[in-house]
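To keep things clear, I will list the structure first and then write my remarks on it.
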Amino acid sequence: MASFCAIAAATHCIPHTSSFCSKKSPFPKKKVTCKAKNDDHRPEITSKNSENSPGTLDRRDVLLGLGGLYSTSLATNPMALAKPALPDFKDCVDATQPNDTPINCCPPVAAKIEDYVPSTTTVRTRMAAQSVTVDSDYYRKYSAAIQKMKNLSPADPRNFRQQANVHCAYCDGGYTQKGNSKLLYEIHNSWLFFPWHRWYVYFFEKICQNLIDDDTFVLPFWNWDAPGGMQIPPMYNSVVTSPLYDCLRNPDHLPPSVINLDWSNGDVTVDPEVQMKHNLAIMYTQMITQSKTPTDFFGNPYRAGDNITTLDGAGQIEQTPHNHVHAWTGTIVDTSNPIDMGALYSAARDPIFFAHHANVDRLWTIWLNQLKGNNFTDPDWLNAYFIFYNEKAKPVRVRIQDCLDTTKLGYTYEDVPILWLDASTKPQPRAKAKTLPSAPDPAQVFPTTLDKPINVIVQRPKKSGSGSSEEILVIEGIEYDKGNYVKFNVYINEDDVNASHPDNTEYLGSFSNLPHGHRMSYKTNKRFRISEVLEELGARDYDRVLVTLVPKSVNPVKINGVKIVFDS
Ligand code: C2O
């Protein structure tokens, strides 16, 4: 397997820091000893003081009200008395790269961790990155800030590599769960994804402001959901000496290459106009058709005691487009060795990471404001906290409940046209009439390893009584090694998957995993909303539908079943 540094040397790639290719970590291994006595200074939101909608009662209250059922429920549901999943910041250990090499991503020792609640009256506008030219004042400020970050002592928590390591520690096994030292803590694949990254980008921006002594500075967003932003923005690709440049990006994807928001490793490039059309359709599908509820959009609950490797997992946006922007941008040297944007431990070493995540963060504001989505009101989400080093190099504890309004954090997003909000970008049926091939029942096929396309005919459930009639296609028990890049595509009532694209209704979407450290088996489910899709395909009255799974990565994925259920 070629090492990163061999690749770097072969491509005359200038490493991020001089210590990049040395064998030894530039940071001494540290054990963080936290002296803060009480980890929960701020009053917790309970179901009584949160604005819970009737559907989101705190399970603790529900169970207490159930009296005698309480212990039974507890026996069958050990998470019934759950609390927020929290990181144990006291004991940071080595994280792991996807190739199993340990990597020390731990921050410096923290003596005292203070609660932090943002207070600001000034709101700045984060601008679309594609509008910035390299001869602008903005570019000069931005690159000066990143250069200063890179120049800070490696031991300074605001140092650029230390900042990248924050992401690595939080997602590659640096922390366990507070109170559950046997369980890994992780900020991807659950409802923590959006708020954690919001806070992370927030402090990164504060550090930039502080280093250039300019609190008017805000980060740009990589507007990859608009045609004008569907390339690596010019300022990140100017000259190799620019602090915003990263040599470990996929050389085939430099401008003018147009991003593919549902990219699979190995996809061939299509005509730029066609790719842009596909991308808008992907945005429509993910933000509108598939994101109807907070769980669809943000991801599934993750509470104290939950094992992240067996949860229902990521929300729609985290999977697509978020994962694919990473995989498309980063270098995948071979499928087991992705670097910088392509793997979570190294993703934030590329300055473009923060513009990518500013756009993911912007989608949250669009989902709330334009699409009238709602935040969770569940106390286990609102009370969850994270720890970051702020611009003064001091560790602070921040809660999800305090990051829900970006104007209170001092920023908003430039109001750029959002083409995918328009119904004209909605995927259309590829072919109205087609003869569907016969295929076996799921029970005859699963469990199986997905190493070739699989067709199954799936029975639709029969409606009885009240409750939702919204049908969900569930790909059940998807098992894979989380160190691997994994992707497969899912189609419904499609007789020719090669002719089907993301702007076709038959193309439901994909499942993907970005390589994380700590080889361990994940087992999760993937859900697709299909009622509207079947309606559009003229299949409303069908008893059964054809489902096709097409592997898009070589790493093994096992599937345990496919079924259709009513939304619960
Ligand atoms: Cu924490 Cu885009 O990943």
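Side notes on the structure shown:
- Some residue of the stretch 280-301 being buried (at least 19 other Cβ atoms within 10 Å of the Cβ) and of a type in the set (Asp, Glu): yes
- Residue selected from the stretch 176-193 under the condition within 14 Å of the ligand (Cβ to nearest atom) and hydroxyl-bearing (Ser, Thr, Tyr), by the criterion nearest to Lys392 (Cα to Cα): Tyr185
- The numbered conditions (1) within 16 Å of the ligand (Cβ to nearest atom); (2) in contact with a Ser or Thr (Cβ under 7 Å, 6 or more places away or on another chain); (3) outside any loop (DSSP other than H, G, I, E, B) are all true for Thr125 except (1).
- Hey, Val93 open to solvent by 20 Å² or more (accessible area, probe 1.4 Å), away from the ligand (no atom under 16 Å from the Cβ) and either without any contact (Cβ under 8 Å) to a residue 40 or more places away in the chain or under 28 Å from Pro515 (Cα atoms) (or both) or not: yes
- In the condition set (1) open to solvent by 10 Å² or more (accessible area, probe 1.4 Å); (2) in a loop (DSSP other than H, G, I, E, B); (3) in contact (Cβ under 8 Å) with a residue 24 or more places away in the chain, Lys408 is compliant with all but (2).
- Test: Leu546 is of a type in the set (A, V, I, L, M) and within 16 Å of the ligand (Cβ to nearest atom): no
- Matching residues, the stretch 263-275, being open to solvent by 10 Å² or more (accessible area, probe 1.4 Å) and in a loop (DSSP other than H, G, I, E, B): Trp263, Asn265, Gly266, Asp267, Val268, Thr269, Val270, Asp271
- Glu532 being more than 18 Å from the chain's Cα centre (by Cα) and under 19 Å from Thr295 (Cβ atoms): yes
- Residue ID - nearest to the ligand (Cβ to nearest atom), chosen from residues in the stretch 484-515 that are over 22 Å from Val458 (Cβ atoms) and surrounded by fewer than 23 Cβ atoms within 10 Å (Cβ to Cβ): Asn484
- Among the conditions (1) in contact with a strand residue (DSSP E or B) (Cβ under 9 Å, 6 or more places away or on another chain); (2) closer than 18 Å to Glu506 by Cα; (3) of a type in the set (Gly, Ala, Ser), Ala423 misses just one, which is (1).
- Some residue of the stretch 298-308 being part of a helix (DSSP H, G or I), more than 16 Å from Ile366 (Cα to Cα) and within 16 Å of the ligand (Cβ to nearest atom): yes
- Number of positions in the stretch 319-371 that are modelled with pLDDT of 95 or more, acidic (Asp, Glu) and either in a helix (DSSP H, G or I) or open to solvent by 10 Å² or more (accessible area, probe 1.4 Å) (or both): 1
- Condition check for Lys463: under 26 Å from Ser291 (Cβ atoms) and surrounded by fewer than 17 Cβ atoms within 10 Å (Cβ to Cβ): yes
- In the stretch 467-501, the residues that are closer than 16 Å to Ser264 by Cα and assigned to a strand (DSSP E or B): Val486, Lys487, Phe488, Asn489, Val490, Tyr491
- Subset of the stretch 194-218 (residues that are aromatic (Phe, Trp, Tyr), farther than 14 Å from Val166 by Cα and within 14 Å of the ligand (Cβ to nearest atom)): Phe194
- Hey, Glu479 modelled with pLDDT of 95 or more, of a type outside the set (Ser, Thr, Tyr) and within 18 Å of Arg544 (Cβ to Cβ) or not: no
- Restricting attention to the stretch 516-558, the residues that are more than 20 Å from Asp481 (Cβ to Cβ), open to solvent by less than 10 Å² (accessible area, probe 1.4 Å) and at pLDDT below 95 add up to 1.
- Evaluation of Val416 against (1) in a loop (DSSP other than H, G, I, E, B); (2) open to solvent by 30 Å² or more (accessible area, probe 1.4 Å) (one fails), failing number: (2)
The values are calculated or read from the model by the stated rules, or taken from the named source; none is laboratory data. Everything numeric here is computed off the predicted structure, so don't read it as measured data. Glycine gets a Cβ as well: all are built from the backbone with ideal geometry, and neighbour counts include every protein chain shown. When the accessible area is computed, the model is the full protein with side chains, heavy atoms only, and any ligands, DNA or RNA have been set aside. Shrake-Rupley method; radii C 1.70, N 1.55, O 1.52, S 1.80 Å.
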